[in-house]
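K.L.:
Dropping a structure here in structure tokens format, bear with me for questions.
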């Protein structure tokens, strides 16, 4: 049976259950008496075991089964939860993650689970240390009175055996006895059948496969195997499967004399005739009897209410919707130019349909940030133990949704920020007590919607960032001169921490000190069209605030003109548009500014930044030709006024990448295709404000 088609489903579901195991074990560590958490852990381990056994990944199935033994003892209060038990279970989860990822990457990495199995066995026996595990007992292959006789085989099965014998291929009876008290005997039976099927053809089982699947047998079952493998190879293969008490392998003999003679006394002529017969593909003939066969999996898939879709297919769908939006805009322009009333009415209907279609596609792509957040509690736990710190980690707003493209990219920046908070921010318990703080530090990871953006905050109540320390470290590392450091205000000094190569750590460890943390965070967030800010107070803590766009695909934008070129500014970054006279622009410390409602706004002359010829201030053909168009934009709490030649209007645009050749141009975030086919560049507001 070809099960490779189900590999993707197996990997996805295994990762989900491994995440559940991580989360539940963390909760169990805090609430040892919580039976519902234990049940959740047991269910996830049981599901992984069943899936891996079905897929033929016996090592995964064996480890999860041993975990089940311990978990069952915990559920029945036969065992006590302690640090040794929790740590061992965490180690098992780590080993399972490695095995699942090796399956995903097809690296077939061998992971020795024997030490973990020994630990789990020791726990099951109430021991703290794992006893020596001697070599497995040799399986007896002495002939036994097996129940399968020639009368139990049909003509098709006999024909297969006859054909195999004519070709010198042996047939064996394999009797398997599982250990007493084995849970889920059906899983053991399937693992045996699966292993034997890889060595040859399994043509018969007693009881039937259906009965084996339903566990309608005591402790033993029998298999007829046609194979060219040596008996020792069969023994070695079955020896890798745990919880088998006894395995007997003998050459097949039919107890019905007439059929036995027919089968065993093969003359050369008869053997030649038999050899000419085409062997029947037993695996396909018996496929319907496999415990979880192809048909069974298909039934399970059809009965579900959700469907897993490859992200590449969603990207393709989104691109097609984007092309539809572009052509809709083109049709609108044609209708207006030629005053085609019927076309305009049709386009209005098309506009509603495309808007609904776009909304649906965008919703499909939106996933909760919890998919990223849920892997951090385990990381915080492990790091806090490694550093001997006590940390209360709080997650809020994990249901906040963000575009899948953005979700895939924010994991690493958040890892950097959390590791910084744990290593640099939170003090050791004794130090916190000396400062009058709670010895247990607190780190918060918060997500929320704010307009067309998602805000993600990483906040701690640690020692904060000292501007003086940052200045000194920046000078030591040659990032700035001492003269420059003396002039920098506290708020600006904090921003030095985002410079490449900056680190306040005195020693390089595997946690921090290499100077790539905050710089990597800033670079990644800005590449996603967002920005990162920091608020900090010495001995009170720090808050890193990441602002990200909801989506990176289709947005509303304001089209503006500078010289002969048209540019787009994302509407979510625009506060307002105003007209000002040139004499209203003042200069403060070599920076042009305007006063708007009592607030000083720095001015950016877009023509100068883009190095294009500007028509301002005569672009506006009115009596007062000296007025300038200014677009007030914001990024976080910072604002700027962008001087443009003309305002064209609002339009829905599709963001297109500039490609590798033009990647890295900070002022430009991408490009779009307008209704007339012209390409317009999309401005990166964050880069303009930061200039």
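The rows are residues; the columns are (1) assigned to a loop (DSSP other than H, G, I, E, B); (2) modelled with pLDDT of 85 or more; (3) under 30 Å from residue 42 (Cβ atoms).
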{"residue": "176", "(1), (2), (3)": "no, yes, yes"}
{"residue": "183", "(1), (2), (3)": "yes, no, yes"}
{"residue": "186", "(1), (2), (3)": "no, no, yes"}
{"residue": "197", "(1), (2), (3)": "no, no, yes"}
{"residue": "210", "(1), (2), (3)": "no, no, yes"}
{"residue": "221", "(1), (2), (3)": "no, yes, yes"}
{"residue": "225", "(1), (2), (3)": "no, yes, no"}
{"residue": "234", "(1), (2), (3)": "no, yes, no"}
{"residue": "237", "(1), (2), (3)": "no, no, yes"}
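K.L.:
Among (1) assigned to a helix (DSSP H, G or I); (2) in contact with a strand residue (DSSP E or B) (Cβ under 6 Å, 6 or more places away or on another chain); (3) more than 21 Å from residue 667 (Cβ to Cβ), there is one condition residue 583 misses while meeting the rest; what is its number?
P.N.:
With respect to (1) assigned to a helix (DSSP H, G or I); (2) in contact with a strand residue (DSSP E or B) (Cβ under 6 Å, 6 or more places away or on another chain); (3) more than 21 Å from residue 667 (Cβ to Cβ), residue 583 is out only on (2).
K.L.:
From the list 16, 68, pick out the single residue that is part of a helix (DSSP H, G or I) and free of Cβ contacts under 8 Å to residues at least 24 places away in the same chain.
P.N.:
Testing whether each residue is part of a helix (DSSP H, G or I) and free of Cβ contacts under 8 Å to residues at least 24 places away in the same chain leaves just 16.
K.L.:
Please work out if residue 247 is over 16 Å from residue 165 (Cα atoms), assigned by TED's automatic domain parsing to the domain that holds residue 184 and surrounded by 15 or more Cβ atoms within 10 Å (Cβ to Cβ).
P.N.:
It is true that residue 247 is over 16 Å from residue 165 (Cα atoms), assigned by TED's automatic domain parsing to the domain that holds residue 184 and surrounded by 15 or more Cβ atoms within 10 Å (Cβ to Cβ).
K.L.:
In region 307-323, which residue that is out of contact with any strand residue (DSSP E or B) (no Cβ under 9 Å at 6 or more places or on another chain) and either loosely packed, with under 10 Cβ neighbours inside 10 Å or within 18 Å of residue 676 (Cα to Cα) (or both) is modelled with the highest pLDDT?
P.N.:
Only one residue tops the list, namely 313.
K.L.:
Only one of 79, 116, 28 is touching a helix residue (DSSP H, G or I) at 6+ places or on another chain (Cβ under 6 Å) and under 22 Å from residue 394 (Cα atoms). Can you tell me which?
P.N.:
Being touching a helix residue (DSSP H, G or I) at 6+ places or on another chain (Cβ under 6 Å) and under 22 Å from residue 394 (Cα atoms) holds for just one of 79, 116, 28, which is 28.
K.L.:
Please determine, by comparing only the residues of region 40-56 that are modelled with pLDDT under 85 and buried (at least 22 other Cβ atoms within 10 Å of the Cβ), which one is nearest to residue 101 (Cα to Cα).
P.N.:
Per the criteria, the residue is 52.
K.L.:
Test residue 14 against the stated conditions and say whether it is under 20 Å from the mean Cα position of the chain (by Cα) and either surrounded by 21 or more Cβ atoms within 10 Å (Cβ to Cβ) or more than 20 Å from residue 100 (Cα to Cα) (or both).
P.N.:
It is true that residue 14 is under 20 Å from the mean Cα position of the chain (by Cα) and either surrounded by 21 or more Cβ atoms within 10 Å (Cβ to Cβ) or more than 20 Å from residue 100 (Cα to Cα) (or both).
K.L.:
From the list 358, 433, pick out the single residue that is farther than 26 Å from residue 497 by Cβ and either part of a strand (DSSP E or B) or assigned by TED's automatic domain parsing to the domain that holds residue 335 (or both).
P.N.:
None of the other options fit; the residue is 358.
K.L.:
If you take the residues in region 532-561 that are within 19 Å of residue 677 (Cα to Cα) and at pLDDT below 90, which one is surrounded by the fewest Cβ atoms within 10 Å (Cβ to Cβ)?
P.N.:
Ranking the qualifying residues of region 532-561, first place goes to 556.
K.L.:
From the list 422, 446, exactly one residue is within 28 Å of the chain's Cα centre (by Cα), at pLDDT 90 or above and not in a strand (DSSP E or B). Which is it?
P.N.:
That would be 422, the only listed residue that is within 28 Å of the chain's Cα centre (by Cα), at pLDDT 90 or above and not in a strand (DSSP E or B).
K.L.:
Still on this structure, please answer the following. Out of all the residues in region 211-230, which are touching a residue at least 40 places away in the same chain (Cβ under 8 Å), surrounded by 14 or more Cβ atoms within 10 Å (Cβ to Cβ) and under 22 Å from residue 171 (Cα atoms)?
P.N.:
212, 220, 221, 222, 223, 224, 225, 226, 227
The values are calculated or read from the model by the stated rules, or taken from the named source; none is laboratory data. All of these numbers come straight from a predicted model, not from anything done at the bench. Methodologically, a virtual Cβ is constructed for each residue, glycine included, from the backbone with ideal geometry; neighbour enumeration extends over all protein chains shown.
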